[in-house]
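The structure under discussion appears below in the form of structure tokens.
Nothing in this text is a laboratory measurement; each read-out follows from the coordinates by a stated rule. Keep in mind that this is a model prediction, so the values were computed, not measured. Please note: Cβ atoms are built from the backbone with ideal geometry, for glycine as well, and neighbour counts cover all protein chains shown.
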């Protein structure tokens, strides 16, 4: 053997972190190389933003508080909706690994296998971050104006990141359990669509019937949207911010535990 | 020197629900040798390999690899084995080089070692030109080679090859065989599964024949062939008249005859004496034959006599595992 091999001699915990970093690098490379998905990352948010603003803008602006443009109202909703949909790619990426032989390869290596999930979730954070940034820039270009100061932006960034992590972990569960890629797509579709539409993402809650309104008012997505919207438009934030934070942390922790447990169970029999 | 077994399984049992896939499999692989696990589809080959490589739990028996318990010391086992599965397990979107370096790092190689070793393997496996192309652009044979290279990245002393040539064209199969032979020269211990008798015959030091989750025979290729068989002499005749005369003349020496092909087969125990005797009988009666062939028993014969089933020929393509 020509090459003399040297092995890392570091504590286990450091090696586990290195495994996760390697997996993040891998998943991020996937995002960059997967050109179809990359187009989606850039253009889907812009398309949604422009469509909603122009198609619904005229009709809905009547229902808005005086002085609020629909575009300014919509911004928070469309960001959360885009992130919610974007996080379902975690499910697809995880399901892809589980269905193909590559998961057996990882399992036959002396690595920490959970790093595979970490890699997909964290790299999705990057992708969703890019999507959100693209959308904000596009919004500013077509007339979105904000009263947010630096601290507000920090809070907005924090809540969007937390929300992305929470939903990516949630969708990781779907990815681990799925029997097929199509199955995952449907599963995330029927969860994410009702959740984002039955919220204050696109319309004020006032016009909804009582049952729907009661659901929309109390579900996490509405709190998250309202928190971001208030921070952007300089409205009083009220309870939304901490309720939203608690929801995100709760979903994240529970999903993380469940996804890891399912993953371990699926990969150790 | 006492024999040293690096892979040992005793009474290995595995069931899926009521379906017992392994019914007590025993096998041993001596250091630096290759054992071929030979059997038809569904015999339990892949299940056995998955258990030995820590991917699957089992219901009964004892398994150790390099002295480590595959359940309790799975991590230690994983650091001394390389696994090449049936479906090439490489990352499609990463390049060949990226695949190798990443897997090397996951084997705990330092970055410098991983990069250097990747370069070496790319050269050795004829993948230099394709090194920086995503693996999804590779042909079937290239992908298999990359897959094998990946499992060799940390030069593990033990390699599991699960049907490494299934579905490959003849040229790629020969290239794969050459690589495997080189591994053996370097002293790697190998457990190979295959449905191709020719492959086991060509490569392996020892063969374990498995069918229906049980070991039905084991030994070297020569020993297994010895079990079924003697050499056979097959004579082909030009016409029905000669054929009929020959059958009559040879009498009870005829082991097999085929009226359609006009061929007669006799068993040869002692090559020169028996062949001469048969030819003498024909010569005395002036019966001419058209051609003569001596058949050595093949592993196919072994397989057939052990399982009652015809073994697969390499040309047939196998469906993916369930």
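Give me the angle, in degrees from 0 to 90, between the Cα long axis of helix A:181-197 and the longest principal axis of the Cα atoms of chain A, rounded to the nearest 10.
The angle comes out near 30 degrees.
Dividing the Cα convex hull volume of the range B:1-147 by residue count, how many Å³ per residue is that?
It is 149 Å³ per residue.
Kirkwood Rh and Cα-based Rg: tell me the resulting Rg over Rh for the range B:230-296, rounded to two decimals.
Using only Cα positions, Rg/Rh for the range B:230-296 is 0.92.
Contact order normalised by length for the range B:5-223, with contacts defined as Cα pairs under 8 Å and 6 or more residues apart; what percent is it?
So the answer I get is 30 percent.
Using square roots of five times the C-alpha gyration tensor eigenvalues, list the equivalent-ellipsoid semi-axes of the range A:99-206 in whole Å, biggest first.
Gyration-tensor ellipsoid for the range A:99-206: 33, 19, 12 Å.
If I model a spin label at residue B:222 and residue B:240 as a point 7 Å from the Cα along the Cα→Cβ vector, what separation in nanometres do I get?
4.6 nm
Only bridges whose two residues both fall in the range B:117-248 count here: according to DSSP, what percent of them are antiparallel, nearest 5?
50 percent
What does the extension gain come out to for residue A:133 and residue A:61, with contour length at 0.36 nm per residue minus their alpha carbon separation?
On the way: separation 72, 0.36 × 72 = 25.92 nm, distance 2.49 nm.
Here the answer is 23.4 nm.
Considering the alpha-carbon set of the range B:175-302 alone, what are its Rg and its Dmax in angstrom?
19.8, 59
No solvent, one uniform scatterer per C-alpha: report log10 I(q)/I(0) for the range A:1-114 via the Debye equation at q = 0.14, 0.22 1/Å, two decimals.
-0.79, -1.23
Taking every DSSP beta bridge that has both residues in chain B, what percent is antiparallel when rounded to the nearest 5?
65 percent
Enter the Cα centre distance for the pair the range A:206-230 and the range A:32-103, rounded to the nearest angstrom.
Going from one Cα centre to the other spans 18 Å.
Using only the alpha carbon atoms of chain B, find the Kirkwood hydrodynamic radius as the inverse mean reciprocal pair distance, in angstroms to one decimal. Provide the component values of the computation, followed by the final result.
Details: mean 1/r = 0.0452 Å⁻¹.
Radius from the Kirkwood sum: 22.1 Å.
Would you order A:80, A:68, A:237 from fewest to most other beta-carbon atoms within 10 Å of each residue's own beta-carbon? Before the final figure, lay out each step's value.
Numbers: A:80 31, A:68 14, A:237 17.
Exposure proxy ranking, most exposed first: A:68, A:237, A:80.
Roughly how many whole Å is it from the C-alpha centroid of the range B:1-73 to that of the range B:86-132?
Result: 28 Å between the Cα centres.
Dividing the convex hull volume of the Cα atoms of the range A:12-267 by its residue count, what figure in Å³ per residue is obtained?
For the range A:12-267, the hull spanned by Cα atoms encloses 134 Å³ per residue.
As I understand it, the value is the acute angle between the Cα axis of helix B:271-284 and the longest principal axis of the Cα atoms of chain B; what does it come to in degrees, rounded to 10?
Around 30 degrees separate the two axes.
If I take every Cα pair under 8 Å that is 6 or more residues apart in the range A:12-267, average their sequence separation and divide by the length, what percent do I get for the relative contact order?
27 percent
Once the Cα atoms of helix B:170-185 and of chain B are each reduced to a long axis, what angle between those two axes, in degrees from 0 to 90 to the nearest 10, is obtained?
Taking the Cα atoms of chain B, the angle to B:170-185 is about 70 degrees.
Below 8 Å, C-alpha to C-alpha, sequence gap of six or more: please give me the relative contact order for the range B:122-246 in percent.
Working: 87 pairs, mean separation 20.3, N = 125.
Taking the mean separation of contacting Cα pairs over the length of the range B:122-246, I get 16 percent.
Label residue B:295 and residue A:7 with points 7 Å out from Cα along Cα→Cβ: what is the distance between them in nm?
About 5.1 nm separates the two model spin labels.
Per 0.36 nm of contour for each residue apart, how much would the distance between residue A:217 and residue A:154 grow if the chain were fully extended, relative to their Cα-Cα spacing?
Length gained between residue A:217 and residue A:154: 20.2 nm.
Would you mind ranking A:255, B:64 so that the residue whose beta carbon has the fewest other beta carbons within 10 Å leads the list?
B:64, A:255
For B:169, B:132, what's the fewest-to-most ordering of other Cβ within 10 Å of each Cβ?
In increasing order of surrounding Cβ atoms, one gets B:132, B:169.
I need the fraction of alpha carbon pairs in the protein assembly as shown separated by more than 44 Å, rounded to a whole percent.
The share of Cα pairs beyond 44 Å in the protein assembly as shown comes to 39 percent.
Over the protein assembly as shown, what is the percentage of antiparallel beta bridges among all DSSP beta bridges, to the nearest 5?
That works out to approximately 65 percent antiparallel.
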